[in-house]
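Let me begin by presenting the structure, written as structure tokens, before commenting on it.
The values are calculated or read from the model by the stated rules, or taken from the named source; none is laboratory data. Since this is a predicted model, take the numbers as computed values, not measurements. Methodologically, a virtual Cβ is constructed for each residue, glycine included, from the backbone with ideal geometry; neighbour enumeration extends over all protein chains shown.
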Amino acid sequence: MTDLACSQDKQVCVLGLGYVGLTLAVAMADVGFKVLGVEIRDEVLTFLNKGEAHFHEPGLQERLRRVIRSGHLQSAKRIPDSWSGSVFIITVGTPLDAQGRSRLDMVQNVAREVADHMNGQSLVIMRSTVKLGTTRKVVLPLLATSGKSFDLAFCPERTLEGKALTELRQLPQIVGGLTSQAAVRASQLFQFITPTVVRVSSLETAEMIKLVDNAQRDVAFAYANEVARACDAIGVSAAEVIQAGKLGYPRTNLPMPGPVGGPCLEKDSHILAEGLSDLGINPEITLAARRTNENQPGEVVAHLRSYTDALIGFSKKPIITLMGLAFKGQPATDDLRGTMARPVFARLRESYPTAEFRGFDAVVGARDIEDFGLVSATSLQRAFKDASLVLILNNHSVFGEMDIEELAKEMQAPGLIYDFWNFFKTADLHLPTSISYMALGSHGQVRSYSI
């Protein structure tokens, strides 16, 4: 790290205070930058005005209050005309529209706002995930309408939710500049935060790195889910195949199967494919992997319906509990964006139209669970109480540590516990009579035990 006093860029405006923007704003304020955070959502500003974060992230709450008290972080709905900073970092969302194409309206709106407030010596950094060519073809022309000179770079966000503040200070920062001057300037800015900056040759290279990194993860998880389908058909355990196959063997590193979603993986493969399709390229592997992951909820619920239909005495009006609603459990988050719990829930409602649905999550609050459309279960005991079907949907450690044999006693018989994450070994479980356990990739090894 270098001394901020020698930098020409001491005041930074971060536009968009979601997961990406707020963690970056706090990290920059924490090292001494004077940061203005701009956010149009009133509810977010209400939280910030009270010194509170609007989402769960380890360590964020304490640092947020510290930088607000010190005056290094302020927030506003628009950039004030009096603001005299030199750096603008765009971190607004780029969700998919109803046709599956990335929306750029938020990027365009803030680019226009930045153009109005640039001072002629500004550095503009795109950090939002966008389709290839957006920085040059969309953002650059909008900024150029100002008639002012400016530097432009693309510096992708690369952090993991649950570890964002740590990774912002440790992970290499990719920097692609419109010009060499822009790349050097953006590199110097990020060197105050992270010890390693990787300069690449163009805006498009930096855009591509972000999309390829996430698409590669999507492909890896999809192959694990394909292995699970194959093991289900054969009657062996996917968990055993994967874990035993890579133990001490350096050329295999297949992840465990499970639901694949979240604010990045649910859309970045589509964004990559969209940009490539404009160039006449069909990324077959990328799209096939995304379809595999998107089809999983329907396939699993169809199997569950078939299985419970064969259970004599299975309730006509079952209680079904969804456990783990956030898109992931490790590192823990309360982020419901892109969670695969939504399509699983939708399929369950179609397949079990008379069911009562409950939800439990170790981090997500009761109000958000109810807004999800579920009755909130305040404890694991309440989640299992009288349930005929319990699904473990994310990999939070609370599920691996729970006493499943005792909790299963609370269920209505016959009943089934379905585990998307293979927390338990079927052969090791001793469950109550007529309560079964089934894991993704081990459908042929379902068992129940009498105690």
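Based on what the data block shows, is Ala115 of a type outside the set (Val, Ile, Thr), assigned to a helix (DSSP H, G or I) and in contact with a Ser or Thr (Cβ under 8 Å, 6 or more places away or on another chain)? Quick ask: steps written out before the conclusion?
Values: of a type outside the set (Val, Ile, Thr): yes; assigned to a helix (DSSP H, G or I): yes; in contact with a Ser or Thr (Cβ under 8 Å, 6 or more places away or on another chain): yes.
Answer is yes for this residue.
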_Count - residues of region 274-325 that are free of Cβ contacts under 8 Å to residues at least 60 places away in the same chain, outside any helix (DSSP H, G or I) and among the polar types (S, T, N, Q)_ = 1
*Name the helices (runs of 4 or more DSSP H) wholly within region 131-235 that hold at least 3 residues that are buried (at least 19 other Cβ atoms within 10 Å of the Cβ) and touching a Leu at 6+ places or on another chain (Cβ under 6 Å)?*
203-234
*List pairs: first in region 231-253 and more than 17 Å from Phe423 (Cβ to Cβ), second assigned to a loop (DSSP other than H, G, I, E, B) and of a type in the set (A, V, I, L, M), Cβ under 7 Å, 6+ apart or cross-chain?*
Lys246/Leu254
*Looking only at region 372-385, which residues are crowded, with 17+ Cβ neighbours inside 10 Å and over 24 Å from the mean Cα position of the chain (by Cα)?*
Leu380, Ala383, Phe384
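Quick grid of which residues meet (1) of a type outside the set (Val, Ile, Thr); (2) surrounded by fewer than 17 Cβ atoms within 10 Å (Cβ to Cβ); (3) assigned to a helix (DSSP H, G or I); (4) not assigned by TED's automatic domain parsing to the domain that holds Leu165:
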residue	(1), (2), (3), (4)
Val363	no, no, no, yes
Glu370	yes, yes, yes, yes
Ala387	yes, no, no, yes
Asn395	yes, no, no, yes
*Please specify each residue of region 393-451 satisfying the condition of being closer than 23 Å to Pro343 by Cα and modelled with pLDDT under 95.*
Ser442, His443
_Unmet criterion (only one of (1) buried (at least 19 other Cβ atoms within 10 Å of the Cβ); (2) assigned by TED's automatic domain parsing to the domain that holds Ala220) for Leu279_ = (1)
*Give the residues of region 343-360 that are touching a Leu at 6+ places or on another chain (Cβ under 8 Å) and either surrounded by fewer than 20 Cβ atoms within 10 Å (Cβ to Cβ) or not assigned by TED's automatic domain parsing to the domain that holds Ser376 (or both), sorted by residue number.*
Ser351, Ala355, Phe357
*Within region 314-330, identify whether any single residue is closer than 24 Å to His396 by Cβ and exposed (fewer than 15 other Cβ atoms within 10 Å of the Cβ), and answer yes or no.*
yes
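Test Pro263 against the stated conditions and say whether it is of a type outside the set (Gly, Ala, Ser), touching a residue at least 60 places away in the same chain (Cβ under 8 Å), buried (at least 18 other Cβ atoms within 10 Å of the Cβ) and more than 19 Å from Pro95 (Cβ to Cβ). Can you show your working first?
Values: of a type outside the set (Gly, Ala, Ser): yes; touching a residue at least 60 places away in the same chain (Cβ under 8 Å): yes; buried (at least 18 other Cβ atoms within 10 Å of the Cβ): yes; more than 19 Å from Pro95 (Cβ to Cβ): no.
For Pro263, the condition - of a type outside the set (Gly, Ala, Ser), touching a residue at least 60 places away in the same chain (Cβ under 8 Å), buried (at least 18 other Cβ atoms within 10 Å of the Cβ) and more than 19 Å from Pro95 (Cβ to Cβ) - is not met.
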_Suppose we filter Gly100, Gly16, Gly71, Gly32 for residues that are modelled with pLDDT under 95 and at positive phi; which single one remains?_
Gly100
*State the number of residues belonging to region 144-184 that are aliphatic (A, V, I, L, M) and touching a strand residue (DSSP E or B) at 6+ places or on another chain (Cβ under 6 Å).*
7
